[in-house]
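Notes for the one structure printed next.
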Amino acid sequence: MSLYKLVTFDATNTLIRVMGSVGLQYGRVANQHGIYANTDEVNKAFKTAWKQMNKDYPNYGVNQGLTSQKWWTEVMKSSLLSVCDKKSTDPEVLSKVANDIYTFFASNRGWEVIPGSEEGLALLKDKGLKLGIVSNFDNRLPKILTDLGIANYFNFILCSSVEKVAKPDADIFKKALHLGNTKAEETIHVGDDLTNDYLGAKNAGLRPIFFQNNPDIPLPDEVSEDSVISNMQDIIKLL
């Protein structure tokens, strides 16, 4: 019998990922409004805008009076303004683009399940383990997972914007333990982010598993080699 009773997962780039790239999807929506956006340029601008916004307004600004849509609107506008043609400076057009992008990513249209994810979830469920999501995500996540056909695997879905606490804070992991009715030493957390997932879970007393979604990137020094998977189906070997 396995020592573990609960396995929690990060969502983005662990179980699901943006289809194509953010730049590709932003560009497609912008094009529908007559705005041309180069995919590579938008990707770079998005990373810059996201990092700055997350620094200024952590966790979607929920503790500073922002809604997730307002937060993302600022990211999207900043991403497009820096790389698009002059028409993109029209506030009315930009607002329409941002609203359409936000709605687009609220469904499965902009997302896909990472190969091996559903198979891995099914294996764990067959073993009788409880499964949960602990993700630094906004309130659109449950619908996205439902539309992608994998929400039914989870006993609970914790989104940082809803809980008003984000990884690596131990409190969000404690919420997961409470919902799973398990102890930290009985729980595994799987994710692709060193700080938020691996170290966050480890510091909260959970067993961390690092999901290495890009084998070309060297494994961080802090990660134990026996706590790494690159396909979700391999998690069963670590129980």
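Rule-based calculations on the coordinates, nothing more; no lab input. Computed from a predicted structure; not experimentally measured. Cβ coordinates were reconstructed from backbone atoms using ideal geometry, including for glycine residues, and neighbour counts include every protein chain displayed.
Give the Rg/Rh ratio for the stretch 97-239, taking Rg as the radius of gyration of the Cα atoms and Rh as the Kirkwood radius, to two decimals.
Result: Rg/Rh = 0.95.
State the answer as a single residue: which of 68, 83, 36 lies farthest towards the positive end of the charge dipole of the stretch 22-110, with beta carbon charges of +1 for Lys and Arg and -1 for Asp and Glu, about the Cα centre.
68
Pull up the DSSP beta bridges for the chain and report the antiparallel fraction as a percent, rounded to 5.
Just about 15 percent of them are antiparallel.
How large is the helix-only mean residue ellipticity at 222 nm for the chain, computed as the sum of -39500 (n - 2.57) over DSSP H runs with n ≥ 4, divided by its residue count, in deg cm²/dmol to the nearest 500?
Result for the chain, helices only: -11500 deg cm²/dmol.
Within the chain, what's the longest run with no trypsin sites (Lys or Arg not before Pro) in a DSSP loop and at most 13 other beta-carbon atoms within 10 Å? Give the range, please.
1-126
When each pair of different Cα atoms in the stretch 1-119 is counted once in the 1/r mean, what is the Kirkwood radius in angstroms, to one decimal?
It works out to 15.6 Å.
How large is the charge dipole for the stretch 22-110, taken about the Cα centre, if only the Cβ atoms of Lys, Arg (+1) and Asp, Glu (-1) carry charge, to the nearest 20 debye?
With Lys and Arg at +1 and Asp and Glu at -1, about 140 debye.
Hey, what D do you get for the chain in µm²/s if you plug the Kirkwood alpha-carbon radius into Stokes-Einstein at 10 °C and 1.306 mPa s?
Using the Kirkwood radius from Cα pairs, D works out to 85 µm²/s.
Dipole magnitude of the chain about its Cα centre, charges +1 at Lys/Arg Cβ and -1 at Asp/Glu Cβ only, in debye to the nearest 20?
It works out to roughly 620 debye.
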